[in-house]
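The values are calculated or read from the model by the stated rules, or taken from the named source; none is laboratory data. None of these values were measured; they are calculated from a predicted model. Cβ sites come from the backbone with ideal geometry, for glycine too, and all protein chains shown count toward neighbours. The accessibility values were calculated without ligands, DNA or RNA, using every heavy atom of the protein model including side chains. Shrake-Rupley method; radii C 1.70, N 1.55, O 1.52, S 1.80 Å.
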Amino acid sequence: MIPGFTLTQDGDDANGPEPIEWIILTQFGNHALLLSRDCLDAQYFNDDYGSAPWESCSLRSWLNDAFLKAAFTEEEQARIFDTTNANTMADGYPGLPANSNPTKDRVFLLSYKELTAFAGTITIPGATAYAEARCNPGSGDSASAWWLRSPGPDDHAALVLYENGELNYYPADLSRRGVRPALTVNLEN
């Protein structure tokens, strides 16, 4: 794991941001695909009921705008590459449809295919105090169960990996789940 970048994670803005810890999933030359060690926030996959493909869901917009600006300085943002995500049936859970077009993302969620490809490297995450605080008590929200960008059986749901390692799907707008960002960075400097 490598530390880097900062974000308030303990829920206390007064003491400043804490470093985000990242797991290197794979390295190619001076580039690396990183995944946060923990779930950093709890969000709906999509804020509104309705079709929620990765390409147009509110979580994708949040990751590539508000989260990107909050977690990384402009200099750090310059080290993050656009990653092309195919979002095809081959990227999703076998037998479930693909419901999104290809996207270019600076920050994204893993697909089911990526989850299985890096299964030996990915650990079951914890959730930051900030992420836990974003859950609604008694609602079934869970900051330790985290969203994948792959769809569920219809375009109103997305896959979720639970704390016990079970994979299932959940309606995109019904409950907050953990957000475990992934990104590709330049490791030079």
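Summary table below
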| item | result |
| --- | --- |
| Selection count, segment 109-131, where residues are hydroxyl-bearing (Ser, Thr, Tyr), open to solvent by 30 Å² or more (accessible area, probe 1.4 Å) and either in a helix (DSSP H, G or I) or touching a Leu at 6+ places or on another chain (Cβ under 9 Å) (or both) | 4 |
| Hey, ALA158 outside any loop (DSSP other than H, G, I, E, B), at pLDDT 85 or above, touching an Asp or Glu at 6+ places or on another chain (Cβ under 6 Å) and not β-branched (Val, Ile, Thr) or not | no |
| Considering residues of segment 76-99 that are of a type in the set (Gly, Ala, Ser) and either open to solvent by 20 Å² or more (accessible area, probe 1.4 Å) or out of contact with any helix residue (DSSP H, G or I) (no Cβ under 7 Å at 6 or more places or on another chain) (or both) only, the residue nearest to ASP65 (Cα to Cα) | ALA78 |
| Hits in segment 9-67 - residues which are open to solvent by 50 Å² or more (accessible area, probe 1.4 Å), modelled with pLDDT of 90 or more and over 22 Å from GLN77 (Cβ atoms) | TYR44, ASP47, SER56 |
| Residues satisfying the stated conditions in segment 61-86, i.e. out of contact with any strand residue (DSSP E or B) (no Cβ under 6 Å at 6 or more places or on another chain) and not in a helix (DSSP H, G or I) | THR73, ALA78, ALA86 |
